[in-house]
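Structure first, then comments.
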Amino acid sequence: MKERLLEIKQKALEQLQNVATSQGLNEIRVSVLGKQGQLTSILRGMRDIPAEERATVGALVNEVRNVIENAIKEKEEYFAQKALEAKLANEQVDVTLPATEIRTGAPSILEHIVEEIEEVFMSMGYDVVDGPEIEEDKYNFELLNIPKGHPARDAQDTFYIEDEKVLLRSQTSPVQVRTMLAAGGDKPIRMICPGKTYRRDADDATHSHQFMQIEGLLVDKNISLSNLKGTFDVIAKRLFGEGCETRFRPSYYQFTEPSVETDISCFVCKGKGCSLCKNSGWITVSGAGMVHPNVLRNCGYDPDVWTGFAFGFGAERLAMLKYGISDIRKFYLTDLRETNVFDRREG
Ligand code: DAH
């Protein structure tokens with residue numbers, strides 16, 4: 001019996017030494033320790049062993065079982081360790097590999113420039129307000145000192161919706177009127193209004209039937225053209241750099257008196273003359289002026305007490321200048337390759 005047990009042990013240990021898979025390990029376990037296993041059947045046969053030998057045989061069986069169980073456990077741990085190592089090796093990340101590009105959305109370049117301008121004005125205490133795109137003739141023209149039949153209307157070929165009363169706003173200036181009327185004639189105002197505008201223009205590189213303006217209005221006491229100049233100077237320098245110079249040229253709008261065109265020094269040639277500034281050294285970026293007394297009066301403000309200035313930027317024009325975009329129609333394309341070019345320009 002003793003020899004048999006030692007033989008079982010010897011053989012099991014040899015097999016365990018050579019086993020290469022956990023499946024093989026399990027087979028050894030079953031063949032030695034399982035229900036029909038070699039050791040189990042010896043234990044079952046204990047009752048046939050003479051009583052005086054039982055204790056020694058029993059102890060030996062236990063010892064052999066312990067040795068084999070320990071060897072199996074050791075091998076199991078070895079396999080588990082190997083499996084873990086293999087898994088880790090398999091899942092290793094090569095940090096030197098180029099990353100996969102994650103495509104994200106980005107604000108349109110127009111949105112971007114509007115936000116930039118909003119931030120500058122907000123830092124000077126202006127509110128950003130909104131107004132309707134479907135507008136009444138009286139806000140878009142009449143209260144702005146442009147009565148029916150006035151030739152100044154011709155410059156803004158308008159999309160009328162209902163007779164001569166309701167239209168797609170041809171400018172953001174009606175928001176000035178709405179803001180003054182809402183303020184009640186006795187409070188100072190500082191507001192800008194970015195928004196879409198519409199004109200019956202044939203689309204080409206510099207015209208679009210839909211475009212975006214940024215209107216501005218400041219009403220207070222003792223406001224003069226020099227306040228407008230100072231404000232414009234801050235904006236121009238923030239948008240186009242500290243070296244940007246500004247100038248006013250006389251102009252004409254029905255709703256401002258005096259009226260001006262605001263120019264910035266050409267940031268390409270620094271005033272020397274180039275194709276962008278048509279050799280003048282200057283680029284026009286907005287219309288502006290002192291709010292006409294008639295407009296103040298129409299909107300409930302006493303022009304003997306209150307004065308103000310107003311201005312209107314073309315957002316596409318600013319973006320075209322700043323980002324070197326040559327065709328206004330590009331803003332209204334839905335081709336993402338174009339938009340991505342804008343993203344890159346922003347750097
Ligand atoms: N509304 C004008 C236009 O569309 C632009 C403009 C000029 C707005 C002078 C103003 C202003 O507020 O004062 O051509």
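The values are calculated or read from the model by the stated rules, or taken from the named source; none is laboratory data. Computed from a predicted structure; not experimentally measured. For neighbour counting, all protein chains shown are included, and Cβ atoms are generated from backbone atoms with ideal geometry for every residue, glycine included.
Annotations for the structure displayed:
- Applying the criterion of being within 14 Å of the ligand (Cβ to nearest atom) and part of a helix (DSSP H, G or I) to the residues of region 134-170, the residue that is nearest to GLY308 (Cα to Cα) is LEU144.
- Within region 270-299, the set of residues being touching a helix residue (DSSP H, G or I) at 6+ places or on another chain (Cβ under 6 Å) and part of a loop (DSSP other than H, G, I, E, B) comprises CYS299 only.
- Residues of region 174-206 classified as in a loop (DSSP other than H, G, I, E, B) and within 13 Å of the ligand (Cβ to nearest atom), total: 2
- Single residue of GLU118, GLU63, GLU53, GLU136 found to be surrounded by 11 or more Cβ atoms within 10 Å (Cβ to Cβ), touching a residue at least 12 places away in the same chain (Cβ under 8 Å), of a type outside the set (Gly, Ala, Ser) and not assigned by TED's automatic domain parsing to the domain that holds GLU164: GLU53
- Scoring CYS277 on the criteria (1) more than 16 Å from the ligand (Cβ to nearest atom); (2) within 18 Å of ARG238 (Cβ to Cβ); (3) buried (at least 20 other Cβ atoms within 10 Å of the Cβ) leaves a single failure, condition (2).
- Test for ARG247: is it assigned to a strand (DSSP E or B), of a type in the set (Lys, Arg) and either more than 30 Å from the chain's Cα centre (by Cα) or closer than 28 Å to GLY300 by Cβ (or both): yes
- Single residue of LYS330, LYS322 found to be away from the ligand (no atom under 16 Å from the Cβ), modelled with pLDDT under 90, touching a Leu at 6+ places or on another chain (Cβ under 8 Å) and not aliphatic (A, V, I, L, M): LYS322
- Residue that is farthest from the ligand (Cβ to nearest atom), among those in region 286-308 that are among the aliphatic types (A, V, I, L, M) and over 22 Å from ASP233 (Cα atoms): VAL305
- Restricting ARG169, ARG247, ARG153 to those that are surrounded by fewer than 21 Cβ atoms within 10 Å (Cβ to Cβ), assigned by TED's automatic domain parsing to the domain that holds TYR323, closer than 26 Å to PHE121 by Cα and charged (D, E, K, R) reduces the list to ARG247.
- Search result, residues across region 29-50 that are closer than 19 Å to GLU14 by Cβ and either assigned to a loop (DSSP other than H, G, I, E, B) or not assigned by TED's automatic domain parsing to the domain that holds LEU13 (or both): GLY34, GLY37
Let's see how each residue does on (1) within 11 Å of the ligand (Cβ to nearest atom); (2) over 19 Å from VAL291 (Cα atoms); (3) part of a loop (DSSP other than H, G, I, E, B); (4) at pLDDT 95 or above:
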position: THR172; (1), (2), (3), (4): yes, no, yes, yes
position: ILE214; (1), (2), (3), (4): yes, no, no, yes
position: LEU217; (1), (2), (3), (4): yes, no, no, yes
position: ILE235; (1), (2), (3), (4): no, yes, no, no
